[in-house]
1. Tell me, what does the Kirkwood hydrodynamic radius of region 127-168 come to in angstroms if you use every pair of distinct C-alpha atoms?
2. I'd like the carbon and sulfur percentage of the solvent accessible area for the chain, probe radius 1.4 Å, heavy atoms only, ligands and nucleic acids excluded.
3. Evaluate the charge dipole of region 11-88 about its Cα centre and quote only its size in Debye, nearest 20, assuming +1 on the Cβ of each Lys and Arg and -1 on the Cβ of each Asp and Glu.
4. Pairs of lysines 8 or more apart, or on different chains, with alpha carbons under 23 Å: count those in region 72-163, would you?
5. Rolling a 1.4 Å sphere over the protein heavy atoms, what is the accessible area per residue of the chain, to the nearest Å²?
6. If you compute Kirkwood radius over Cα pairs in Å for the structure shown, which of (i) 16.8; (ii) 16.2; (iii) 19.1 do you land on?
7. What does the net charge come to around Val91 if you take all other residues with beta carbon closer than 12 Å to its beta carbon, with K and R at +1 and D and E at -1?
8. Give the calculated FRET efficiency between Val85 and Ser49 to the nearest 0.05, with a Förster radius of 30 Å applied to their Cβ-Cβ distance.
Amino acid sequence: LGMFSSQLISKYDRYDKAIERDLAMMFLSGMSTRGISLMSETLIGRKISAGEVSRVNEELLTGIEAWRTRSLKGIKVKYLIVDGVFFSMRVGIGRKKSIERIPMLVAIGVTEENQRLILCLQQGDKDTSSCWREIFTDLKRRGLDHLLVQLGIMDGLTGLEKVFKEEF
């Protein structure tokens, strides 16, 4: 008797990593873990449990958190563009789910090479200067050199310009 060893899928893996990416993308596009589980049998010939889908999404959240808290040391930002935007998001669990417009705060840095980088994307009240102060403090804590920032580009939110000047 011989032993079979797959060169494509690691031992104990049940499917290729590309399928995990696809599961995450289906979830991010709005499908429920139950819906993905139901579709998986048709798509890949095996029913993937809602728990497996949740596990894949936990890994996704870990990656997002690592990106959100990454070091900004050495990134030379000359301009900082800040604004609040609304995203439609699914909120709630089970039958109590709804789609709501959630305010997100965005900070985009423009480097000395004129490259734009998203430095921060975080939920918060776009009309509250204290939320913006927290964002600016976090950017500096993560290593953004505030002395290099020459210009802040923002809307006319009362208090935002004052907070920006104090922090940068």
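1. 10.6 Å
2. On the chain, the fraction of accessible area on carbon and sulfur atoms equals 56 percent.
3. 340 debye
4. So the count works out to 9.
5. Per-residue accessible area for the chain comes out at 68 Å².
6. Calculated Kirkwood radius over Cα pairs in Å: the matching label is (iii).
7. Numbers: positive: Arg90, Lys96, Lys97, Arg101; negative: Glu100.
Taking every other residue near Val91 into account, the sum is +3.
8. Efficiency, rounded to the nearest 0.05: 0.30.
The values are calculated or read from the model by the stated rules, or taken from the named source; none is laboratory data. Because the structure is predicted, anything quoted here is derived from the model rather than measured. We place every Cβ from the backbone using ideal geometry, glycine too, and count neighbours over all the protein chains shown. To get the accessible areas, we keep the full protein, side chains included, count just its heavy atoms, and leave off ligands, DNA and RNA. Shrake-Rupley method; radii C 1.70, N 1.55, O 1.52, S 1.80 Å.
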